[in-house]
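First the structure, in the form of structure tokens, and then the observations on it.
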Amino acid sequence: MYNPYSLENKTVLITGASSGIGRATAMECSKLGAKCVITGRNAERLNETFSLLSGDGHSQILADLTIEKDIETLGEQSPVLDGFVCNAGITTTKPINYIKQSDMDSLFSVNTFAPVILTKTLLKKKKLSKDSSVVFTSSIASETQAPGNSIYAMTKSAVATFSRFCALEFASRPIRFNSVHPGMVNTEMTDNLIFSKEELEADKQRYPLKRYAEPKEIAWAIIYLLSDASAFVTGTALKIDGGVTL
Amino acid sequence: MDINEFIEKFAEIFEDTDRAEFQADTKFKELDEWSSIMALNVIAMVDDEYDVLLKGDDIRGSETITQLFEIVKSRK
Ligand SMILES: NC(=O)c1ccc[n+]([C@@H]2O[C@H](COP(=O)([O-])OP(=O)(O)OC[C@H]3O[C@@H](n4cnc5c(N)ncnc54)[C@H](OP(=O)(O)O)[C@@H]3O)[C@@H](O)[C@H]2O)c1
């Protein structure tokens, strides 16, 4: 069957696969024929994702991306890849008067530094094949302002910036690099925010599509960027935000 | 935990509201200076000073400073 979005014969590494967007991405990739290498910290939740994958030939690797040795081991154990979804992330809500160095250390460590070091490690170990595609999960936070979101937003704009530099430096291989920028998505990250249910409901009403995204809807955008359908797309930032930034 | 100390720390978050306006039975959401950003500051202050994670629903569910204090105390 003709399908330029197919991931048949592609091996894809997905970080943050034990939950939310990462889990949905792994599940959808497997349905489109990819062999998935999934990673996360929580063994039980990662294994649950593993059991939800379609087809066979998948593998799972536990790694804490704040530990440099774990990143090294992940790069070592990873097979040669056609796709890499750099998605693990954390958030916090801190108004500026209460920002602490430790908040920045933990958010930048997972959201920015780990993506940079893991990407470098995969490249140096020649685990990203010719014609492979890398997708970073950034956020519309990289260009919008919400009170309390400054640290998270800085980490997300930094990773999107890094993506553009990668796109330029590896275009000759070619390896493509793009970022996806979701608006709010119904995942644990959103459930755990400090905002009240009423505040979240009111926030949804700001979206022209009047709801938050389902994780799958972000996965489908990631899949487009992984697939041959996006062969001429590199260095771009793709918004999936129900129109909220209009 | 001491209510007066809590009121003191609560009052410090505000810039323009007179200190005398902050009493145990003050309905803080009725203060002119109250806003959703102030709510975030209260949550962050409680996290810093008392190591308790309040949520927006706790703020929503409290009217007076005492009510908020009781929530923080119950989670200590
Ligand atoms: N939800 C939203 O509204 C939204 C919007 C825009 C962008 N995003 C971005 O989308 C990505 C996925 O978010 P989500 O909503 O799916 O969040 P989630 O459900 O909370 O999942 C976060 C994932 O990141 C992993 N992770 C966190 N810290 C890690 C660490 N130190 N080492 C390894 N893995 C770690 C978690 O693994 P363990 O649980 O195994 O530790 C988990 O799999 C994040 O980058 C987030 O910033 C989310």
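Suppose R0 equals 45 Å. What FRET efficiency, 1/(1 + (r/R0)^6) with r the Cβ-Cβ distance, do residue A:192 and residue A:232 give to the nearest 0.05?
E(calc), rounded to 0.05, equals 0.75.
How high is the relative contact order of chain A? Use alpha-carbon pairs under 8 Å, at least six apart in sequence, and give a whole percent.
It rounds to 21 percent for chain A.
Given R₀ = 25 Å, what would the calculated FRET efficiency be for residue A:168 paired with residue A:143, taking r from the Cβ atoms and rounding to 0.05?
Values: r = 20 Å, r/R0 = 0.82.
After rounding, the FRET efficiency stands at 0.75.
Summarise the accessible area of chain B (1.4 Å probe, protein heavy atoms) by the percent that is carbon and sulfur. Walk me through the numbers before you get to the answer.
Values: 1720 of 4160 Å².
Answer for chain B is 41 percent, counting heavy atoms of protein chains only.
Using a Gaussian network for chain A with springs between C-alpha atoms less than 10 Å apart, which of these wobbles most: A:42, A:97, A:87?
Fluctuation is largest for A:97.
Give me the distance in nm between label points sitting 7 Å out from Cα along the Cα-to-Cβ direction at residue A:216 and residue B:9, one decimal.
4.5 nm
Would you look at the GNM of chain A, springs on alpha carbons closer than 10 Å, and say which of A:152, A:98, A:207 moves the most?
Per the Cα network of chain A with a 10 Å cutoff, A:98 tops the list.
Only protein chains counted, 1.4 angstrom probe. Which residues of region A:76-117 are at least 40 Å² less accessible in the assembly than when their chain is isolated?
Hits at the 40 Å² cut-off: A:95, A:98.
Over all distinct alpha-carbon pairs, what is the Kirkwood Rh of the protein assembly as shown in angstrom?
Working: mean 1/r = 0.0471 Å⁻¹.
In the protein assembly as shown this quantity evaluates to 21.2 Å.
I need the calculated FRET efficiency for the pair residue B:23 and residue A:202, taking r as the beta carbon distance and R₀ as 35 Å, to the nearest 0.05.
0.70
Given 0.36 nm per residue, what is the gain on full extension from residue A:47 to residue A:131 after removing their alpha carbon distance, in nm?
Full-extension gain reported as 27.3 nm.
Run the helix sum for chain A: -39,500 (n - 2.57) per DSSP H stretch of 4+ residues, divided by residue count, reported at 222 nm to the nearest 500 deg cm²/dmol.
Using -39500 (n - 2.57) per qualifying helix, the result is -11500 deg cm²/dmol.
For the modelled label position 7 Å from the Cα of residue A:120 along Cα-to-Cβ, which residues of region A:206-246 have backbone nitrogen atoms closer than 12 Å?
Label zone hits: none.
Can you tell me the accessible area per residue over chain A, all protein chains present, probe 1.4 angstrom, in square angstrom?
Heavy-atom accessible area per residue stands at 47 Å².
The values are calculated or read from the model by the stated rules, or taken from the named source; none is laboratory data. Here the structure is a predicted model, which means the values were calculated and not measured. Positions of Cβ are backbone-derived with ideal geometry, glycine not excepted, and every protein chain shown enters the neighbour counts. In case anyone asks, the SASA skips ligands and DNA or RNA and just uses the protein heavy atoms, side chains included. Shrake-Rupley method; radii C 1.70, N 1.55, O 1.52, S 1.80 Å.
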